[in-house]
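Engineer: Have a look at the structure that comes next, please.
Values in this text are rule-based calculations from the coordinates and carry no lab data. The structure presented is a predicted model; accordingly, all values stated were derived computationally and were not measured. Don't worry about glycine lacking a Cβ; one is built from the backbone with ideal geometry, like all the others, and counts go over all protein chains shown.
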Amino acid sequence: MTLGKVGVVATAQTELRPIWGNAQHIDLISSVVGAVFKGTGLTLDDVDFIIDSGSDVLDGRSISNCGFLGALGAHHKEEARVEEDGLWAALYGVNKIRSGASSIGLLVAYSKPSESQPDLFWNSQLEPFYQRPVGFGQRAANGMQAQRYLAANRLSGRDLAELVVQRWQAASDNDRVLVDHLPDVDEVMAAGEGAAPLTELMFSRPVDGAVAVLIAREDIAHRTSRNPVFITGMGAAMDTHSFAEREVGRLASAANAAAMAYRNAGWSGADADIAEISASSAVGELLAIEALGLADAGKGIATALGGKVTVNRSGGALPADPIMATGLVRLAEAVQQLGLPELHGGGNPSRAIVHGAGGVGMQNNCVFTLEV
């Protein structure tokens, strides 16, 4: 049986801000749901299913999506919740359409970490008897990854600071990310300690925001989009929950997810033109670049700063990490760069890699390949 192709018809995003103080979750969600249909000729009546991604823990209430069904347009619709980054919602939605069960799907991911404490969110995912009581969490995991990575590859904190500065500069050029101030290398180095050897500015910045992605069967995508982008490969994998048992200096689950996606697409990471990558820290981005096959082990910094494959033209997750929506934002950004290159970075890219991550120390990873 040949599975049909699934295209991305349209995307919509709010601005990603450290604090959306004058907007609630339903405001952010309804704004992107209303905007994503513009210019497609489609309406909510045409949508077969809606999948949303968010976190009850971050939202501070159980089954929090039930309060957002109206904003999602999900009344009298098939609706599902994915309690993971929005790229996993995309994986679910694409498979529903490829199975022949549906034709058009709406994916929505949102986040308001400004109303929560992200460190406690990550801490809640840890084993409760040995790890939580000693203060282990996302920061400690990233600090340990960074210590090992820098020592093994003879890199310095200044190398990471240069990466951070480049990503913030890219984000400032992206009208979908609010950047009030651009840090320089010295400022990144002098920022308060996040988890040695990482400073605060070497971690991804939690931001509020929402994103919507409209996906459809191939014939519908051609009919409703001027230059549709097609999802040609997908892969997902999870590493062991115990951080101490994971492979040192490598994101094994990201490599496994990438291998699956590339096998489906029929090409490798080196064949891509652009890549939109998620990361919880500067070293996390380098590890992801290497796991995706865009650089050899320990050589990710060269690719990150300007290799053959353009990485995180949007700025990526370091300046803007809408937890639970970051991967779907990466998908939306890649779709814009492929489908409307004249408005989003120029050039003539035809293939993209999209990466999402979840869990402490980027335990879970999801990879998509896109083509026009």
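Engineer: What is the distance in Å between the Cα centres of the range 65-141 and the range 296-368?
Structural biologist: 19 Å
Engineer: Non-local amide H neighbours of Leu16 (under 5 Å, H modeled in plane, Pro and chain starts lacking H): which ones?
Structural biologist: HN-HN under 5 Å from Leu16: Val177, Leu178.
Engineer: List the aspartates and glutamates whose Cα lies under 13 Å from the Cα of Lys96, skipping any in the same chain that are fewer than 8 positions away.
Structural biologist: Asp48, Glu78, Glu79
Engineer: Taking the Cβ of each residue in Cys366, Cys66 as the centre, tally the other Cβ atoms inside 10 Å and list the residues starting with the fewest.
Structural biologist: Details: Cys366 32, Cys66 11.
By the 10 Å Cβ count, ascending, the order reads Cys66, Cys366.
Engineer: Hey, another quick one. Dimensions of the range 128-202 along principal axes (Cα, Å, largest first)?
Structural biologist: Projected onto its principal axes, the Cα set of the range 128-202 covers 44, 30, 18 Å.
Engineer: Return one quarter of the surface area of the convex hull spanned by the alpha-carbon atoms of the range 252-345, equal to its mean projected area, in nm².
Structural biologist: With the hull built on Cα positions only, its mean projection is 6.0 nm².
Engineer: Per the helix-only calculation at 222 nm, which mean residue ellipticity applies to the chain, given -39500 (n - 2.57) for every DSSP H run of n ≥ 4 and division by its residues, nearest 500 deg cm²/dmol?
Structural biologist: Helix-only estimate at 222 nm: -10000 deg cm²/dmol.
Engineer: Determine the sum of side-chain charges near Ser280: Lys and Arg each +1, Asp and Glu each -1, restricted to other residues whose C-beta is under 15 angstrom from that of Ser280.
Structural biologist: In short, -2.
Engineer: Now a separate question. Quick one: which residues, 5+ away or cross-chain, put their amide H under 5 Å from the amide H of Arg351? H built at 1.01 Å from N.
Structural biologist: So Arg351 has HN proximity to Asp273, Ile274.
Engineer: Using the count of nearby Cβ atoms within 10 Å as a rough guide to exposure, how do Tyr149, Tyr92 rank from fewest to most?
Structural biologist: Exposure proxy ranking, most exposed first: Tyr92, Tyr149.
Engineer: Roughly how many debye, to the nearest 20, is the charge dipole of the chain about its Cα centre, given +1 on each Lys and Arg Cβ, -1 on each Asp and Glu Cβ, and no other charges? Mind dumping the intermediate values first?
Structural biologist: Values: 28 positive and 42 negative charges, 141 e Å.
For this selection, approximately 680 debye.
Engineer: Compute the label zone of Tyr130 within the range 348-372: residues whose backbone N is under 20 Å from the point 7 Å along Cα-to-Cβ.
Structural biologist: Zone members listed by number: 360-364.
Engineer: Right, here's the next one. Show me, for the range 207-223, the HN-Hα J-couplings you get by feeding each phi into the Karplus relation (A = 6.51, B = -1.76, C = 1.60, θ = phi - 60°), rounded to Hz, glycine and proline as x.
Structural biologist: Once θ is set to phi - 60°, the couplings for the range 207-223 become 9, 8, x, 8, 9, 10, 9, 9, 10, 7, 4, 3, 5, 5, 4, 5, 6 Hz.
Engineer: From the phi of every residue in the range 15-30, what ³J(HN,Hα) in whole Hz does the Karplus formula 6.51 cos²θ - 1.76 cosθ + 1.60 yield, where θ is phi - 60° and glycine or proline is x?
Structural biologist: After applying 6.51 cos²θ - 1.76 cosθ + 1.60, I find 5, 8, 10, x, 9, 9, x, 9, 9, 8, 3, 5, 5, 5, 5, 5 Hz.
Engineer: Counting pairs of alpha carbon atoms under 8 Å apart in space and at least six apart in sequence, what relative contact order in percent does the range 183-290 give?
Structural biologist: Numbers: 80 pairs, mean separation 24.9, N = 108.
So the answer I get is 23 percent.
Engineer: Please quote Rg/Rh for the chain to two decimal places, taking the Kirkwood radius as Rh and restricting both calculations to Cα atoms.
Structural biologist: Expressed as Rg/Rh, it is 0.94.
Engineer: Would you mind ranking Thr43, Thr369 by Cβ crowding within 10 Å, fewest neighbours first? Don't jump to the answer; show the numbers that get you there.
Structural biologist: On the way: Thr43 9, Thr369 26.
Ranked by crowding around the Cβ, least crowded first: Thr43, Thr369.
Engineer: What does DSSP give for the range 238-372 in terms of the percent of beta bridges that are antiparallel, rounded to the nearest 5?
Structural biologist: Looking only at bridges with both residues in the range 238-372, the antiparallel portion is about 65 percent.
Engineer: I would also like to ask the following. Which lysines have a Cα less than 29 Å from the Cα of Lys308, not counting those fewer than 8 places away in the same chain?
Structural biologist: Those lysines meeting the cut-off are Lys5, Lys299.
Engineer: Sticking with this one: Given H placed 1.01 Å from N in the peptide plane, which residues other than close sequence neighbours of Glu84 have an amide H under 5 Å from its amide H?
Structural biologist: Under 5 Å from the amide H of Glu84: Gly54.
Engineer: Related question: What is the antiparallel percent of DSSP beta bridges lying wholly in the chain, to the nearest 5?
Structural biologist: 70 percent
Engineer: What are the ³J(HN,Hα) couplings of the range 350-366, residue after residue, when phi is run through the Karplus curve with 6.51, -1.76, 1.60 and θ = phi - 60°? Round to Hz, x for glycine and proline.
Structural biologist: Result, ordered by residue: 10, 9, 9, 10, 10, 10, x, 9, x, x, 5, x, 6, 5, 10, 9, 9 Hz.
Engineer: How high is the relative contact order of the range 215-275, in percent, counting Cα pairs under 8 Å that sit 6 or more residues apart? Walk me through the numbers before you get to the answer.
Structural biologist: Working: 41 pairs, mean separation 20.8, N = 61.
About 34 percent, as a whole number.
Engineer: Report the residue, chosen from Pro133, Pro341, Pro319, that carries the largest GNM mean-square fluctuation when the chain is represented by alpha-carbon nodes joined by springs under 10 Å.
Structural biologist: It is Pro133.
Engineer: Taking the Cβ of Ala352 as the centre, find all other residues whose Cβ is under 14 Å away and add up their charges (Lys, Arg: +1; Asp, Glu: -1).
Structural biologist: Taking every Cβ under 14 Å from that of Ala352, the sum is -1.
Engineer: Which percent of the Cα-Cα distances in the range 1-50 go past 15 Å?
Structural biologist: Percent of Cα pairs beyond 15 Å in the range 1-50: 58.
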